[in-house]
Amino acid sequence: MFQSVDQAIASLEKEKYICSKEIATTVYLAMKMEKPILVEGPAGVGKTELGKVIASSLGMDLLRLQCYEGLDEAKALYEWEYAKQLLYTQILKDMLGSMLSNEKTLADAVKKLSGEEDVFFSDKFLLPRPILMSIMSKKPTLLLIDEIDKSDSEFEAFLLEFLSDFQVSIPEIGTVRAAIKPFVLLTSNNAREMSDALKRRCLHLYIDYPSQELEEKIVTLKVPECSSHLVRELVKSVHAIRALQLKKEPSISETLDWAKALAILGRDVLDAETAMDTLNLILKYEKDIELVKKNAGKVFVH
Amino acid sequence: MISAYVSHKKINKKFYDFIDILKDAGVPVSTAETLDLFTALGHVGFDDRHVFRQTLRTSLVKDYTDIPVFDRCFDAFFGKKGPAKGSDLPSAVAGAMEMESLRDEGLSEQDLDSLTALLDDFIESLDDAIFFERTYQEILTLFLEDPVVASSSGALGMIIFNTRSRGQHGPMGDSGQRPDETINLNQVMLRQISRRVDERKIGTQIKDREQYLLNKFIYQLKPDEVKEMKELVRRFGQKLKNRISLRKKRVKHGGIDVKRTIRKNLQFGGTPFKIYHKDRKIDRPQLVVLCDISGSVNQYSRFMLLLTYTLQSLFSKVRTFAFISNMVEITPLFMEMNPDTALNSIFGDTDFTYGWGSNYGRCFNMFVREYSDSLTSKTTVLVLGDARNNNQDPGLESFIKITERTRNVFWLNPEKRHLWDWNDSIASIYREQCTEMREVNSFIDLSEFIDKLFTR
Ligand SMILES: Nc1ncnc2c1ncn2[C@@H]1O[C@H](COP(=O)(O)OP(=O)(O)OP(=O)(O)O)[C@@H](O)[C@H]1O
Ligand SMILES: [Mg+2]
């Protein structure tokens, strides 16, 4: 566990993740309070990455549950291994036969058999999925429930018990409680609003685009071949571009791609011409590129 | 850390006060969140402003659209400056230090505590009306005359008595007391009261301002208010969108699908082990918006379009048109840029006019001729305009065609109802053909209307 907010910042920087005091505060508090975090924010600001680097920094196992429409308990929690169950009944056919040979009626046989049901619905035949895995794990675990906004609200409701008590009920086995509480991070792109019940169980973290200062740090860390002079100019331009009214703003990963490309091109300053030629690295839409070109005087230093 | 003389209890009260302010400002905070805050505060110090602010934000605010409001409340309540030396509760500490100066007037520690408690209780007991209508001095007088306060004994009682009589006899009072003592007390208490009153108003003022703007007649908004409104419309629109989409999720499942349940449960001899519900189709209307953008109503059209595009994802399809005497489709503009920029480029454009003034008839004719493909039995049409047709042909045939081909036609008229049909307005002619024509004045009217579209 992180010992302080500052230590969290320093530890994550070792994993090449630059975080603001705000991000570190929430992470630190969530660990202390054993609460999940709901992380929201625009695409590409490092929501998923945050989960990964916390896990690697603290040597936790990372379990990732990618959400999508139609995701259900069988994929998130557990499934019975039907094939294995079937195989075992086949192998044990003779044994079952002799066991049931004394029963006179079909009803008696069924009764006898159902007495042995437990054997087939024990954890030998249980196939745990990420949520159950995170509960059963004997090691500190980080469970990343990614893009929860893509799941259905039924799934969200199902998560509630797990998020408040770190336990789940399996009808055939009973309640399974975590020996070591997993650290849970949920991310969302705001495709839909989460319920109040879910939010109450979480600390909330909104990650926005980083300040120029932090983004310079990120680029320096991740693209060391980029000169510090170029980093400054490039980040400044990206911030000016984000301030324009674009259809899709460039995210951190686009800044990084741009930095790499310019470093490969051997540039040390970001002249307008090079910038214009490489805009398609950070902007997806033709209209956005045109808009930036129109505002070149404002956006680029040279 | 916090100076010793500001006790724990007083600090806790500060946080409860702050939560009340957030609630006043319209940010919901539940008990669970309040408890979380106090747990969280046990793990951090107050000496780093960023950490302190984020501790409050992360435990209290769960809707990111509320973050700007939280920040304003925080700045107003805890002060705007960076980390104060030693503590980040400037007002709590400054207040306590100010009280401390009364020691010089012969008040003991105990007296100071009871004075603080008296002030707190008094402020707590006041009605909102008093906060907003009385001056600080008037509130101080009320305080001094409060029976509980007036019955204080000892040194405190003396000082309160003297301050009160001094107030009654004017500044050059002849009570024979040292004047500087009462002046000091008067000033300290006045500052204490003004601080508390200002604090308590923070949330209400933010909310009142929002309500004022949202309810103000759109044509009366001043330019700087329009700017403020745009930010607000985005926030408010986002909230509206979240609310509508949550509501839609809830109704997604209809009643029990008996046929399907029986069929699927045949394997269990017809005993319904598993119940199947009807999938109710999520109702996402198609929207066609026709906005008059002539001078008299263009501010309404701006906000209507801004709102429409904030809510875009709620509709399966949105097409927008603007007209004065030419009908022009503006949908593509909104696909390319954010609504505000799109609006500016629309209003800068000139090919909306043909001849002089609004011509509804000509525009409806053009619409039917050129854009009929946008009209289906699932379409809801919104017309925004004052129906002032400059005495030209109403194009009624075309308008009727529009109503016949679509599910609903709503007309939002920014003009006062009693002015409909006055002068060159032909509101009634169109109204007879519409599902409804309604008066809209403010942004609230517009958004309430949109909200209703989804419950119909
Ligand atoms: N603070 C940061 N420090 C270092 N790298 C970062 C940071 N934030 C983002 N990145 C980089 O940006 C990339 C995108 O981040 P990530 O995929 O985590 O974004 P996201 O918020 O999960 O986006 P989406 O909403 O699209 O899933 C990551 O690969 C990472 O390298
Ligand atoms: Mg992600």
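Determine Rg/Rh for chain A; Rg is computed over alpha-carbon atoms and Rh is the Kirkwood hydrodynamic estimate from the same atoms.
1.16
Where in the range B:43-58 does accessible area fall by at least 10 Å² between the isolated chain and the complete protein assembly, at a 1.4 Å probe radius?
B:His43, B:Val44, B:Asp48, B:His50, B:Val51, B:Gln54, B:Thr55, B:Arg57, B:Thr58
Any idea what Rg and Dmax come out to for the range A:8-56 if you just take the C-alpha atoms, in Å?
My reading of the Cα-based Rg and Dmax gives 10.3, 28 Å.
With the Cα gyration tensor of the protein assembly as shown in hand, convert its eigenvalues to equivalent ellipsoid semi-axes via √(5λ) and list them largest first in whole Å.
50, 45, 32
Once you have the Cα-Cα distance between A:Lys124 and A:Met33, take 0.36 nm times their residue separation minus that, and quote the gain in nm to one decimal. Mind dumping the intermediate values first?
Numbers: separation 91, 0.36 × 91 = 32.76 nm, distance 3.40 nm.
So the chain would gain 29.4 nm between A:Lys124 and A:Met33.
Once you put a point 7 Å from the Cα of B:Glu228 and another 7 Å from the Cα of B:Arg417, both along the Cβ direction, what distance in nm separates them?
In this crude spin-label approximation the distance works out to 3.0 nm.
What does the extension gain come out to for A:Ser253 and A:Ala179, with contour length at 0.36 nm per residue minus their alpha carbon separation?
Contour length minus the Cα-Cα distance gives 22.9 nm.
Percent of accessible area on the protein assembly as shown owned by carbon and sulfur, 1.4 Å probe?
Numbers: 19390 of 36650 Å².
The C+S portion of the solvent-accessible surface of the protein assembly as shown is 53 percent.
Tell me the total accessible area that B and A bury against each other, 1.4 angstrom probe, in square angstrom rounded to 100.
2700 Å²
I want to check the label-to-label distance for B:Glu98 and A:Asp72. Put each point 7 Å from Cα in the C-beta direction and report it in nm to one decimal.
Label-label distance for B:Glu98 and A:Asp72, simple model: 6.4 nm.
Give me the net charge for the shell around B:Leu446: Cβ to Cβ below 12 angstrom, other residues only, Lys and Arg +1, Asp and Glu -1.
Neighbourhood net charge equals -1.
So what is the relative contact order for the range B:344-444, in percent, with contacts set as C-alpha pairs under 8 Å and at least six apart?
Relative CO of the range B:344-444 lands at 28 percent.
Given labels modelled 7 Å from the Cα in the Cβ direction, how far is it in nm from A:Ala10 to A:Trp80?
5.4 nm
Can you work out the accessible area per residue across the protein assembly as shown, with the rest of the protein chains kept in place, probe 1.4 Å, in square angstrom?
Details: 36650 Å² over 758 residues.
Roughly 48 Å² per residue, with all protein chains present.
The values are calculated or read from the model by the stated rules, or taken from the named source; none is laboratory data. Please read all numbers here as calculations on a predicted model, not as lab measurements. When we count neighbours, we look across all protein chains shown, and the Cβ atoms used for this are built from the backbone with ideal geometry, even at glycine. Only protein heavy atoms, including side chains, enter the accessible area calculation; ligands, DNA and RNA are left aside. Shrake-Rupley method; radii C 1.70, N 1.55, O 1.52, S 1.80 Å.
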